[in-house]
Every structure is written in structure tokens, then in C-alpha cells.
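Visitor: Below you will find the structure I want to go over with you.
The values are calculated or read from the model by the stated rules, or taken from the named source; none is laboratory data. Small disclaimer: the values here were computed from a predicted structure and weren't measured. For neighbour counting, all protein chains shown are included, and Cβ atoms are generated from backbone atoms with ideal geometry for every residue, glycine included. For accessibility, only protein heavy atoms count, side chains too; no ligands or nucleic acids. Shrake-Rupley method; radii C 1.70, N 1.55, O 1.52, S 1.80 Å.
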Amino acid sequence: MPADSTPEPGIPGEPGTHGPRRRSRGPRRKPGAKGRRGLLIAAWTTAGVVVLGGTGFGYVYFTLNGNLRSVDIDQVLGTDRPGKVDNGSENILVLGSDTRAGANDELGGGADDGSARSDTAMIVHVHEGRKTASVVSIPRDTLIDRPACTDADGGTHEAASQVMFNSAYSTGGASCAVKTVESLTGIRMDHYLEADFAGFQQLIDELGGVEVTTTKDIEDPESHLDLEAGTHRLTGEQALGLVRTRHGVGDGSDLGRIQLQQAFVKALVEQVEDIGLLTSPKKLYDLADTATNTVTTDSALGSVDALMSFASGLKGISASKMDMVTMPVQYDPADPNRVLLDETRARQVWTALKNDRPIPESATEGTATGEAKGVVSAP
């Protein structure tokens, strides 16, 4: 599906409307579009779950290995991409797709029309030494120039100008999404992880929920979320609603939702270390089974051995060592439902990642935010 046919708004208001932006919730989206939210968090969690399992996965190795799905990104993209940087760092593109297939149809709402979009996207940059990480969220509603790309089945897709970022995935799948990110940033993606709705909700339930504190009431019928201000241990359904909601907080935009997602990821990473999975082999297996069924990886991570090796290198990265920002953008003056890349500030972000340095604060000063920072945090 081309981006210009993508109906969901990125900023409060009905698609195509123009006018002042409000901090209130604004009009609801069209009913047919509700629930189209992909989640990256299950993919990030998978790494933690695999690490927690350690060598205890041996007796179920073949079952878990059979669960994993992978895409050979390197073969599809060939040599027409940024070169690898030999400075000890690594970049992982983590996507959440909004496919309506299977159990996701019941959770996400909407109809299974055979298409999917990358409604959540993060570049996870693991710094040399694997003790810190910089995470850059890419707003789905960003208007970009998509390069020509080839999908995993060999189909070719012409380049397109000023289309929504999330259309790259719906156009050519994982390989097209990776090529688009590499074209946008000039940075090679060393790995790819993709997650879905159903696995995310199940993972959170199997983890025993995640505790967060909200500073404001959050009510959004479209994401089935109703939370009073205070501390809550979220069930899988509530967690799914929290990272999907856009109307219940901030300016009602996708940027506000990204701020909630970032806060939730930090709360999740902070708490997953204290769950004590090794005391319950059954719980450990259930988590591993769900996690490996939830994600699609690049072929280099397409086995339990490879995923365990990769994840073990992330073990030292705590929530406090994760710097999470949103790609610098500005609201589009021609369409309040879209955002435009702030090229000057974005260049600071990409330069920092290429050189394996922290992202400077100046890179995000004065950019569009979504106005939901601080609404959710770890207790």
C-alpha cells in the first residue's frame, strides 16, 4: 500500500485537515483505522528473555529454534548500502508491524486487508563495550523520500518522494524498511528485529506485568485504556493499550505515543532483571516459547544460538544506561497530520551514532515532542 493511501493521522485531527494544533485530545480517528499499532517492545524483550534463560534452553533447543522466523536482509540488499563501521558498536533496526493477521486481528482492531505497516520503529545503537545504548525512535508519520527497493520475494518497487515512513514496510517488507532507514541515516543496520501485538501482550502477562507510575489520568477508548493517575502493575492488555494510545495524553500525536513507549521500555528493562525466572523452568520455557514465536529476525540472528550470543552482549545495559530520543522532526505546516525531518538536527544524531558517541542534547532542542514526556515512568 503506498503511503499516500495510508489513512491514519499523525497529529490530532482528521486526515487532510488543516488548522491550529491543540493540546487536547482532538477528534478521534476514523473507526476503520483504530488499533493499527505495531510494537517493538516484544522484540527488545526477547533479547532479555533469551539472556535470562542461558544454557537452560538446551533441552528445548530444537523447539525454540523452529519458532524463529528470519529474513536474509544481506542477500536482498546486496552491496548497495552503507559500509560496516569497525568501531565496536552495532545498530539494530527494531520494528513493530501492524499486520491484522491471526491473533493480532482481535487485539489490534481493524480488518485483515493483507497489508502491514511499521507503526513503531527504533534504531538501537549499542555502543562499544556494550554497557550503554542510544535509541532513536522514528515517527511513522514522517514524510520521507523512499528509495527503490526489492522485497524478499524478488519483487521490485520504484522510488517514491514525500511518502510516509511506515509505507516502506508495507511496500517491500523488512528489506525495504531497512534500506529506507539506511538511506535516511547513512548508517548500516547490522541486525533486524520485528514484533507483533499478540506476542507482546502474552509476554507481559507471562512476566507478571510491568509496574509504572502515571502522573495524569489516561483514558482512551480506542486503545481500551483507562488508568487513573498513580502506580499500576499493568497486565498485558493494559500495557498494549498504553503503548498504543495517542489520544489520551499530550497533544494526541504519534510523537506523544512514542514518549510513552520509551518510558515503558525503560520500566520494562528495569524490572525484567528482578523477576527470578531461573527458579521456574516452566515459566522460563513459556517465556522463551512466546518470545521466539513473537519475533522475526535477520538471518544472522535466525537461530537460538545466534540470538543468545547477541542477547548476552546486551546484558549489561540497564535502563539508566539507555538514552532514548525521537528523530528530530517538525510538524508539517501544510498538513498537521504529518511531520518533516529536521535535517540539520538529525544530522547531529546520525553523526553521533556513526562515530559511536552520545547524542548531543542540541540535536533535539526545539523539535516537535508530542508533549507527553513524564506522564509515564518506572515507580
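Visitor: So, in the stretch 135-161, of the ones that are assigned to a strand (DSSP E or B) and in contact with a Lys or Arg (Cβ under 9 Å, 6 or more places away or on another chain), which residue ends up modelled with the lowest pLDDT?
Guide: Of all residues in the stretch 135-161, those assigned to a strand (DSSP E or B) come to 135-137, 142-146, 149-150, 156-157, 160-161.
From the residues that got through so far, the ones that are in contact with a Lys or Arg (Cβ under 9 Å, 6 or more places away or on another chain) too are 142-143, 146, 149-150, 157, 160-161.
Values: 142: 96, 143: 97, 146: 96, 149: 94, 150: 91, 157: 95, 160: 97, 161: 96.
Ranking the qualifying residues of the stretch 135-161, first place goes to 150.
Visitor: I want to confirm something. Restricting to the stretch 232-241 and keeping residues that are of a type outside the set (A, V, I, L, M, F, W, C) and part of a helix (DSSP H, G or I), which single residue is surrounded by the fewest Cβ atoms within 10 Å (Cβ to Cβ)?
Guide: Going through the stretch 232-241, the residues of a type outside the set (A, V, I, L, M, F, W, C) turn out to be 232-233, 235-238, 241.
Next, from what is left, pick out any that are part of a helix (DSSP H, G or I): 236-238, 241.
On the way: 236: 20, 237: 15, 238: 21, 241: 24.
Ranking the candidates gives 237 first.
Visitor: Counting only residues that are more than 22 Å from residue 327 (Cα to Cα), of a type outside the set (A, V, I, L, M) and open to solvent by 10 Å² or more (accessible area, probe 1.4 Å), how many does the stretch 176-198 have?
Guide: Result for the stretch 176-198: 1.
Visitor: Only residues that are part of a loop (DSSP other than H, G, I, E, B), in contact (Cβ under 8 Å) with a residue 60 or more places away in the chain and more than 19 Å from the chain's Cα centre (by Cα): list them for the stretch 189-219, please.
Guide: Within the stretch 189-219, 207, 208, 215, 216 meet the criteria.
Visitor: Taking the criterion of being of a type in the set (Ser, Thr, Tyr), buried (at least 16 other Cβ atoms within 10 Å of the Cβ) and at negative phi, would at least one residue in the stretch 304-323 satisfy it? Can you show your working first?
Guide: We begin by selecting, within the stretch 304-323, every residue of a type in the set (Ser, Thr, Tyr); these are 309, 312, 318, 320.
Of the ones still in play, those that are also buried (at least 16 other Cβ atoms within 10 Å of the Cβ) are none.
Looking for residues that are of a type in the set (Ser, Thr, Tyr), buried (at least 16 other Cβ atoms within 10 Å of the Cβ) and at negative phi, one finds none in the stretch 304-323, hence no.
Visitor: Can you tell me which residues in the stretch 209-226 are surrounded by 15 or more Cβ atoms within 10 Å (Cβ to Cβ) and closer than 17 Å to residue 379 by Cα? Show your work before the answer.
Guide: To start, the set of residues in the stretch 209-226 that are surrounded by 15 or more Cβ atoms within 10 Å (Cβ to Cβ) comprises 209-214, 216, 218-220, 222-225.
Passing the criteria: 209, 210, 211, 212, 213, 214, 216, 218.
Visitor: Anything in the stretch 227-261 that is among the hydroxyl-bearing types (Ser, Thr, Tyr) and without any contact (Cβ under 8 Å) to a residue 40 or more places away in the chain? List them, or say none.
Guide: Passing the criteria: 235, 245.
Visitor: Something else now. Scanning for something closer than 26 Å to residue 379 by Cβ, among the acidic types (Asp, Glu) and at pLDDT 90 or above, does the stretch 254-276 turn up at least one residue?
Guide: no
Visitor: Determine, yes or no, whether residue 366 is surrounded by fewer than 18 Cβ atoms within 10 Å (Cβ to Cβ) and assigned to a loop (DSSP other than H, G, I, E, B).
Guide: So residue 366 passes the test.
Visitor: Given the structure, is residue 336 more than 19 Å from the chain's Cα centre (by Cα), more than 16 Å from residue 92 (Cα to Cα) and modelled with pLDDT under 90?
Guide: yes
Visitor: Related question: Check residue 173 against each of (1) open to solvent by 10 Å² or more (accessible area, probe 1.4 Å); (2) under 22 Å from residue 81 (Cβ atoms); (3) not in a helix (DSSP H, G or I) and name the one condition it does not meet.
Guide: (3)
Visitor: Which of the numbered conditions does residue 288 fail, given that it passes all the others? Conditions: (1) more than 14 Å from the chain's Cα centre (by Cα); (2) open to solvent by 10 Å² or more (accessible area, probe 1.4 Å); (3) farther than 30 Å from residue 367 by Cα.
Guide: For residue 288, the failing item is (2).
Visitor: Among the residues that make up the stretch 324-340, is at least one of them free of Cβ contacts under 8 Å to residues at least 40 places away in the same chain and open to solvent by 50 Å² or more (accessible area, probe 1.4 Å)?
Guide: Kept after step one, since they are free of Cβ contacts under 8 Å to residues at least 40 places away in the same chain, are these residues of the stretch 324-340: 328, 330, 333.
In the following step, the residues that additionally are open to solvent by 50 Å² or more (accessible area, probe 1.4 Å) were identified as 330, 333.
Scanning the stretch 324-340 turns up at least one residue that is free of Cβ contacts under 8 Å to residues at least 40 places away in the same chain and open to solvent by 50 Å² or more (accessible area, probe 1.4 Å).
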